[in-house]
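Please treat every number below as a calculation from the coordinates, not as lab data. Just so it is clear, the structure is predicted and the values come from calculations on it, not from any experiment. For neighbour counting, all protein chains shown are included, and Cβ atoms are generated from backbone atoms with ideal geometry for every residue, glycine included.
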Amino acid sequence: MSKIYRQSAAILVVGVCVHCVQAATTTYTDLPTFQSAAGPLLVDDFEGGAWLPLDSTQPQPTLSLGVSWTSSEELAVSTTAGTVSGVGGLVPRDIIPPDELDSLTAELPSGTFAVGTWIANAGEGNEVEMVALDSAGDVLVSVEAGIESLGQYEYRFVGITSTDEIDKVIIRSLQPVLPFDDDLIIDDFYFTVPEPGAVALFGLLMLPTIQRRRNQSR
Ligand SMILES: [Ca+2]
Ligand SMILES: [Ca+2]
Ligand SMILES: [Ca+2]
């Protein structure tokens, strides 16, 4: 085989469709129904762990329970808004001037097929959506939370299950009337219990902490 021929063969292989299957997704607005459909779930309540100190700006990204969080603005745990659990919820806190529409992005551990969270919208006339993407960056599903009529800091649950792995979730404001009307907050983020490999890695990462605690308790 000539060198040129071998190269074209390689290009043909690369060109094979690797993304032909259309994912089937289901969306939920009821937590118990989502929980029974989703299988085993972890939940981040944004209290303690990676989220200390409370009511502070967090580093970007912040890794919590294997999920990597970033924001279009500042990533912060807020204790001033209402919450679903405890005293803290996760917010994209406006940088002044507030150029960017508020959004939160969660990069998920491998093996995630379900995500859900409570979302509150504090902005007048604002719409919030939750978008699930696969590892190629293609949108699996986009759910408009449409929560403007619920009033300030009233939470609505939005859940997604997918037959394709969910790589990333974006929760963002769509159409605030004024730049400051894009505020949103989430609390209690549910996602598929990570695969054993990811759990083992998480365990390894936690090992120094566990060891330290054991030593302290002696
Ligand atoms: Ca909380
Ligand atoms: Ca903003
Ligand atoms: Ca804002």
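List the residues whose amide H sits under 5 Å from the amide H of residue 140, counting only those 5 or more places along or on another chain, with H placed 1.01 Å from N in the peptide plane.
Distant-sequence amide H within range of residue 140: 132, 133, 134.
Considering Cα pairs under 8 angstrom that are at least six residues apart, work out the relative contact order of segment 13-113 and quote it in whole percent.
Details: 127 pairs, mean separation 22.5, N = 101.
Value for segment 13-113: 22 percent.
For the ranges 58-71, 183-196, what's the packing order if you count other beta-carbon atoms within 10 Å of each residue, average per peptide, and put the highest first?
On the way: 58-71: 17.4, 183-196: 21.5.
Going by the mean number of other Cβ atoms within 10 Å, highest first, we get 183-196, 58-71.
What is the Cα coordinate range of segment 77-127 on the first, second and third principal axes, sorted by size from largest, in whole angstrom?
Largest to smallest, the principal-axis extents are 38, 27, 21 Å.
Once the mean 1/r over all distinct Cα pairs of segment 21-209 is inverted, what Kirkwood radius in angstroms do you read off?
Working: mean 1/r = 0.0602 Å⁻¹.
One over the average 1/r among Cα pairs gives 16.6 Å for segment 21-209.
Using a cut-off of 9 Å between beta-carbons, work out the net charge of the residues near residue 168 (Lys and Arg +1, Asp and Glu -1, residue 168 not included).
Numbers: positive: none; negative: 107, 134, 167.
Taking every Cβ under 9 Å from that of residue 168, the sum is -3.
Highest mean first, what order results for 51-57, 139-145 on Cβ atoms within 10 Å?
Values: 51-57: 13.7, 139-145: 17.1.
Going from most to least packed, we get 139-145, 51-57.
Summing Lys, Arg as +1 and Asp, Glu as -1, what charge do residues with Cβ under 12 Å from the Cβ of residue 57 carry, residue 57 excluded?
Details: positive: 93; negative: 55, 73, 74, 94.
Its environment carries a net charge of -3.
Would you pull out the residues with amide H under 5 Å of residue 127's amide H, same chain only if 5 or more places away, H placed 1.01 Å from N?
Excluding prolines and chain starts, which carry no amide H, the hits are 174, 175.
In terms of the Cα gyration tensor, with a ≥ b ≥ c the square roots of its eigenvalues, is segment 58-161 rounded because a/c is under 1.5, prolate because a/b exceeds b/c, or oblate? The partial results should precede the final answer.
Working: a/c = 1.45, a/b = 1.23, b/c = 1.18.
In terms of gyration-tensor shape, rounded.
Determine the dipole magnitude for segment 75-161: charges of +1 sit on the beta-carbon of Lys and Arg, -1 on that of Asp and Glu, nothing else is charged, the reference point is the Cα centre, and the result goes in debye to the nearest 20.
Values: 2 positive and 13 negative charges, 84 e Å.
Here segment 75-161 has a charge dipole of around 400 debye.
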